[in-house]
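Here is the structure we will look at.
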Amino acid sequence: MFFQQLINGLTTGSVYALIALGYTMIYGILGLINFAQGEIYMCGAFVAVLLLATGKVNFFLAFALGMAAAALLGVILERVAFRPLRGFHPLVPLISAIGASIFLQSLALLLFGPNDRPFPIQFTFSTINIAGLPVSTLQIAILAAALGFMGLLVVFVRYTTYGKAIMACALDRDTARLMGINVDRMVSLTFLVGSALSGAAGIMMAIYYNATYPRMGLLPGLKAFSAAILGGVGNIPGAILGGLLLGVAESLGAAYISSGFKDAIAFAILILVLLLRPQGILRGRGD
Amino acid sequence: MAAYVVHLAILAGIYIILTVSINLIIGYAGQVSLGHAAFYGIGAYASALVSLHWHVPFPAAALTAMLVAGLCGLALGLPTLRLKEDYLAIVTLGFGVIVDLVFLNLEFTGGPDGLPGIPPPSFWGIDFRPPWLYLILVSVIVILVLIATYRLVDSYHGRALRAIRDHEITAQVMGINTPAYKVVVFTLAAALAGLAGSLYAHYITFINPETFGLHTSILILTMVVLGGMGSIAGSVLGAVILTILPEMLRQAHAYQELIYGGLLMLLLIWRPEGLLGRGKLSLKFLKREG
């Protein structure tokens, strides 16, 4: 029972971590909370599900296109809703992001209707024993894929020129500009990468829960943000750790405390973290 | 038809209290609250519960609502108002979700079924059951709230709040106790939202968690941004427009949220000061260097 809840928690936690990475990167470079991250997650899931439902594309292509659509949405959103407002009082882009989030959510509601869509292809997953404990291969696949994406991101940020340029912008935008980095392009790239990861997270959750619906991004988005704060905003390993911890805490809390308050656990943790250790577990860039 | 107009006017009055109160937080103190509907709900439930169980008269129930909502605002504000605007937005949003779940899961709040049979107000020998009498009651309270907020924002304290919004560090250097101001204004706004909740509960006589969710918080926020952040007249106008508009566009009901979301974005890009925001106070002029 405990072990099963732990695995459930790690699975959802790894998905929260993927979304949290998007938040953390965007916050790192712009100091902006992209409230619409949950809708980008939803967009990735919808594109993949709709493509698969046509029966003409295979799973991996649909997955990649879902991520691409999410990435594109992220970049467009930055152009339309955030870039014109850069340099304003922080309230202004924040409220604009909230507007974007509601807009996208209700647009999806109009286009696709309120009902859950099942995932169009059925995978056959079995339960295997690891050290005498039963684990579903679906959970292993999701965990592995999420960790793989996180690894790729870390490599991208640490070892590629573009990744380093993003970090430079996050550290000091003006100095980065003086060093010849095109800051606007790096901001776009950050949105591209962060949104692609959220899109991937959305597709994985669509498979895991076998449900895709317009409001699916709301709670995971908010919880992932809590995860980003938990780990220290702007801190990439922190976001991963925060996501996993939050997933596990939520799953154990739902099992042992009260399932009715499952969704409250993440926010209770968030408020506690901000109260006791506002810089997060691993020190973040936010104060 | 006349009855319908009175109904809308009562709702508009309740929204005016909500909008004016959150405008104190957003437009004057420069903090974002996305959980204002939670205080609205707390007030409604507190007022309904004391009326149902202890049969207290309406003025006492409304005061209880303000007190409970205000205390909740204080409890949330004390630890969180040290945070930057964007953290505060998420914390208040999370608070809204938690409060919603509490209403849904607790025994004495009636769970998803809510609380029916809340008595309409009747005090000083007047029975406020007829809607037009209730409208007078709401109007009197709205006018009192407006007078109080006008006096507040035109005072030394109001200027201190605007200084915090414009530049917190400068305000601090000028000797303004910024954390205290933020907590007090947050508590005050929560108490006013509680009052609005009480007025709603005793008018509709039935409440359930659905009314006090995130979408209501967003609606209130849209009203403030539409009218103009930092303008009380703007808040009133925003509340009235967004109470009436959805009724006139009944067929467009499905598009309501789409319109709110789009409105928020477009307004901020093209007219961040809203309909009635004055240049001096509008956020457009808060553009920061760099």
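The values are calculated or read from the model by the stated rules, or taken from the named source; none is laboratory data. Nothing here was measured: the structure is a model prediction, and the numbers come from that model. Cβ atoms come from the backbone with ideal geometry, glycine included; neighbour counts cover every protein chain shown. Accessible surface is based on the protein model in full, side chains and every heavy atom, while ligands, DNA and RNA are left aside. Shrake-Rupley method; radii C 1.70, N 1.55, O 1.52, S 1.80 Å.
Structural remarks
- Screening A:GLY180 against (1) over 21 Å from A:ASN34 (Cα atoms); (2) of a type outside the set (A, V, I, L, M, F, W, C); (3) within 14 Å of chain B (Cβ to nearest Cβ) leaves a single unmet condition, (3).
- Residue satisfying all of: in segment B:128-153; open to solvent by 80 Å² or more (accessible area, probe 1.4 Å) and modelled with pLDDT of 85 or more; farthest from B:ILE232 (Cα to Cα) among these: B:ILE136
- Identity of the residue in segment A:231-278, within 19 Å of A:ALA170 (Cβ to Cβ), more than 9 Å from chain B (Cβ to nearest Cβ) and aliphatic (A, V, I, L, M), that ends up surrounded by the most Cβ atoms within 10 Å (Cβ to Cβ): A:ALA239
- If you filter segment B:1-32 down to residues that are of a type in the set (A, V, I, L, M, F, W, C) and without any contact (Cβ under 8 Å) to a residue 24 or more places away in the chain, you find that the one that is most open to solvent (accessible area, probe 1.4 Å) is B:MET1.
- Residue within segment B:43-51 that is surrounded by 24 or more Cβ atoms within 10 Å (Cβ to Cβ) and closer than 30 Å to A:PRO93 by Cα present: no
- The one condition from (1) at pLDDT 85 or above; (2) more than 18 Å from the chain's Cα centre (by Cα); (3) open to solvent by 50 Å² or more (accessible area, probe 1.4 Å) that B:LEU71 does not meet is (2).
- Lone unmet requirement of (1) in contact with a helix residue (DSSP H, G or I) (Cβ under 6 Å, 6 or more places away or on another chain); (2) at pLDDT 85 or above for A:GLY231: (2)
This table checks each residue for (1) in a helix (DSSP H, G or I); (2) in contact (Cβ under 8 Å) with a residue 24 or more places away in the chain; (3) open to solvent by less than 10 Å² (accessible area, probe 1.4 Å).
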{"residue": "A:PRO84", "(1), (2), (3)": "yes, no, no"}
{"residue": "A:PHE88", "(1), (2), (3)": "no, no, no"}
{"residue": "A:LEU110", "(1), (2), (3)": "yes, no, no"}
{"residue": "A:VAL135", "(1), (2), (3)": "no, yes, yes"}
{"residue": "A:LEU152", "(1), (2), (3)": "yes, no, no"}
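- Members of segment A:84-96 that are more than 7 Å from chain B (Cβ to nearest Cβ) and more than 20 Å from the chain's Cα centre (by Cα): A:ARG86
- Any hit, segment B:242-262, residues being polar (S, T, N, Q) and outside any helix (DSSP H, G or I): no
- Condition broken by B:HIS53, with the remaining ones in (1) of a type outside the set (A, V, I, L, M); (2) within 12 Å of another protein chain (Cβ to nearest Cβ); (3) without any contact (Cβ under 8 Å) to a residue 12 or more places away in the chain satisfied: (2)
- Applying the set (1) polar (S, T, N, Q); (2) under 27 Å from A:LEU30 (Cα atoms); (3) buried (at least 17 other Cβ atoms within 10 Å of the Cβ) to A:THR175 leaves exactly one unmet item: (3).
- Selected residue [open to solvent by 20 Å² or more (accessible area, probe 1.4 Å) and more than 14 Å from every other protein chain (Cβ to nearest Cβ)] from A:GLY74, A:GLY66, A:GLY55: A:GLY55
- Considering residues of segment B:154-175 that are charged (D, E, K, R) and within 21 Å of B:VAL32 (Cα to Cα) only, the residue least open to solvent (accessible area, probe 1.4 Å): B:ARG165
- Looking only at segment A:97-126, and only at residues there that are of a type in the set (Ser, Thr, Tyr) and within 9 Å of another protein chain (Cβ to nearest Cβ), the one that is nearest to A:GLY38 (Cα to Cα): A:SER101
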